[in-house]
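**Student:** The structure's right below; bear with me while I get my questions together.
The values are calculated or read from the model by the stated rules, or taken from the named source; none is laboratory data. Keep in mind that what you see is a predicted model, and the values were worked out from it rather than measured. Positions of Cβ are backbone-derived with ideal geometry, glycine not excepted, and every protein chain shown enters the neighbour counts.
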Amino acid sequence: MASLPILNVLEKSQVSPPRATVDTRLLPLTFFDISWLPFSPVHNLFFYEFPITKTHSVEKCTLDFNDLTRNHPRDCDKFYPLIPILGHASKVCDYVKIPIFSFQVTFFPDCGISIGMINHHCLGDASNRFRFLMAWTSIARSRTDESFLAKGDFPLYDRVMKYPKLDEIYLNKAKLETLSQEYKPKFIKTRLVPAVPSNYFDSCLATCGAMAKTSVLVEKDGFVTAAKLLGDCLHKKLNDKDGILKDAAACTDFGWGKPKKHEAVGIDYEKGISMSTSKESNEDLEIGICHSVAEMEAFIPIFNGGLEEFI
């Protein structure tokens, strides 16, 4: 059994807005949020080839930085020490308190750093996370918040409760079941009528699925057929209005350059896949999957062989 990595905690702190700068505000959950209550938190990990000395939570680690950032199979358990622990929900009087966001910076001596983020999905969708990163990196690069504040592109927290019955239905559903693995969430802020502003801070997602006869899917090329059907469905739904995620790597440049590697940690227990913008080109995608060792050894030659047909 491999030994656990040595990780020394150097600093921990809580970050909150300066006093008297924000009002106390309660944001009611809408049917967009409630569906995500039973889900596990979202984990994102960014690797940079540049050291840093101080942040929210700084830890020192003995893991192999170069091994973690290469494009080859790696043990999923190696990534989890680099992600902060969010904590569990707790009952407080007549409500439930759910931790929603935390981040951790880990220093790899003589190599670089990683920034691990974890958030409850009710906090917001991927576009919200990257808008937060855009604000953070903009301020870090310019060493002032003047440029960011001048743009006036602030989060919109307004909640208009026009469908209370729908909210109630989704809340009851969230207690009983989770989202089917047959569907993939997609961003719909710009597709609603009227459109939701792009800076709306919430989980504004819907599902995208495809239908096919069982007899077709159980054939020899059934898996390929299913992938093509889902791909066609996504292609019809997605357009340039989702561009905020197309330049995700640029949103994570603190002034040290784009991250060497981005990992969506957690797909091992969620049985999903991850997709992120390539560092080399915004037109390319990096796709992450998770299998057992035996499954991965069988998958790699099949995948590479399939790629050769299109190269």
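**Student:** Could you say whether any residue in the stretch 268-277 is under 22 Å from residue 142 (Cα atoms), within 14 Å of the chain's Cα centre (by Cα), surrounded by 18 or more Cβ atoms within 10 Å (Cβ to Cβ) and at pLDDT below 80? Even if it seems obvious, please write down each step before you answer.
**Tutor:** Residues of the stretch 268-277 that are under 22 Å from residue 142 (Cα atoms), as a first pass: none.
Among the residues of the stretch 268-277, not one is under 22 Å from residue 142 (Cα atoms), within 14 Å of the chain's Cα centre (by Cα), surrounded by 18 or more Cβ atoms within 10 Å (Cβ to Cβ) and at pLDDT below 80, which makes the answer no.
**Student:** Please go through the stretch 72-90 and give me each residue that is in contact (Cβ under 8 Å) with a residue 12 or more places away in the chain and farther than 18 Å from residue 118 by Cβ, ordered by number. Break it down into steps so the answer makes sense when it comes.
**Tutor:** We begin by selecting, within the stretch 72-90, every residue in contact (Cβ under 8 Å) with a residue 12 or more places away in the chain; these are 73, 75-76, 78-87.
Correct list: 73, 75.
**Student:** Now a separate question. Out of 83, 6, 100, report the one residue that is surrounded by fewer than 18 Cβ atoms within 10 Å (Cβ to Cβ), among the β-branched types (Val, Ile, Thr) and at pLDDT 80 or above. Spell out the reasoning first.
**Tutor:** Values: 83 fails: surrounded by fewer than 18 Cβ atoms within 10 Å (Cβ to Cβ); 6 fails: at pLDDT 80 or above.
Criteria check complete, one pass: 100.
**Student:** In the stretch 269-285, how many residues are out of contact with any Phe, Trp or Tyr (no Cβ under 9 Å at 6 or more places or on another chain) and either over 29 Å from residue 40 (Cα atoms) or touching a residue at least 60 places away in the same chain (Cβ under 8 Å) (or both)?
**Tutor:** Filtering the stretch 269-285 for residues out of contact with any Phe, Trp or Tyr (no Cβ under 9 Å at 6 or more places or on another chain) gives 269, 271-285.
With either over 29 Å from residue 40 (Cα atoms) or touching a residue at least 60 places away in the same chain (Cβ under 8 Å) (or both) added as a condition, the list becomes 269, 271-272, 280-281, 283.
So the count comes out to 6.
Residue-wise test of (1) closer than 30 Å to residue 134 by Cα; (2) of a type in the set (Gly, Ala, Ser); (3) at pLDDT below 80.
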{"residue": "159", "(1), (2), (3)": "yes, no, yes"}
{"residue": "165", "(1), (2), (3)": "no, no, yes"}
{"residue": "172", "(1), (2), (3)": "no, no, yes"}
{"residue": "189", "(1), (2), (3)": "yes, no, yes"}
{"residue": "192", "(1), (2), (3)": "yes, no, yes"}
{"residue": "197", "(1), (2), (3)": "yes, no, yes"}
{"residue": "206", "(1), (2), (3)": "yes, yes, yes"}
{"residue": "221", "(1), (2), (3)": "no, no, no"}
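**Student:** Is it true that some residue in the stretch 284-301 is assigned to a strand (DSSP E or B) and at pLDDT 85 or above? Show your work before the answer.
**Tutor:** Restricting attention to the stretch 284-301, the residues satisfying the condition of being assigned to a strand (DSSP E or B) are 285-288.
Retained after the next criterion (residues that are at pLDDT 85 or above): 288.
Yes, the conditions are met somewhere in the stretch 284-301.
**Student:** Right, next: Return the total of residues in the stretch 10-50 being of a type in the set (Gly, Ala, Ser) and farther than 30 Å from residue 62 by Cβ. Steps first, please.
**Tutor:** Pass one, the stretch 10-50, residues of a type in the set (Gly, Ala, Ser): 13, 16, 20, 35, 40.
Imposing the further condition that a residue be farther than 30 Å from residue 62 by Cβ reduces the set to 16, 20, 35.
Matching residues across the stretch 10-50 total 3.
**Student:** Could I ask something else about it? Given the options 38, 18, 51, name the one that is modelled with pLDDT under 80 and loosely packed, with under 10 Cβ neighbours inside 10 Å. Steps first, answer last, please.
**Tutor:** Details: 38 fails: loosely packed, with under 10 Cβ neighbours inside 10 Å; 51 fails: loosely packed, with under 10 Cβ neighbours inside 10 Å.
Testing whether each residue is modelled with pLDDT under 80 and loosely packed, with under 10 Cβ neighbours inside 10 Å leaves just 18.
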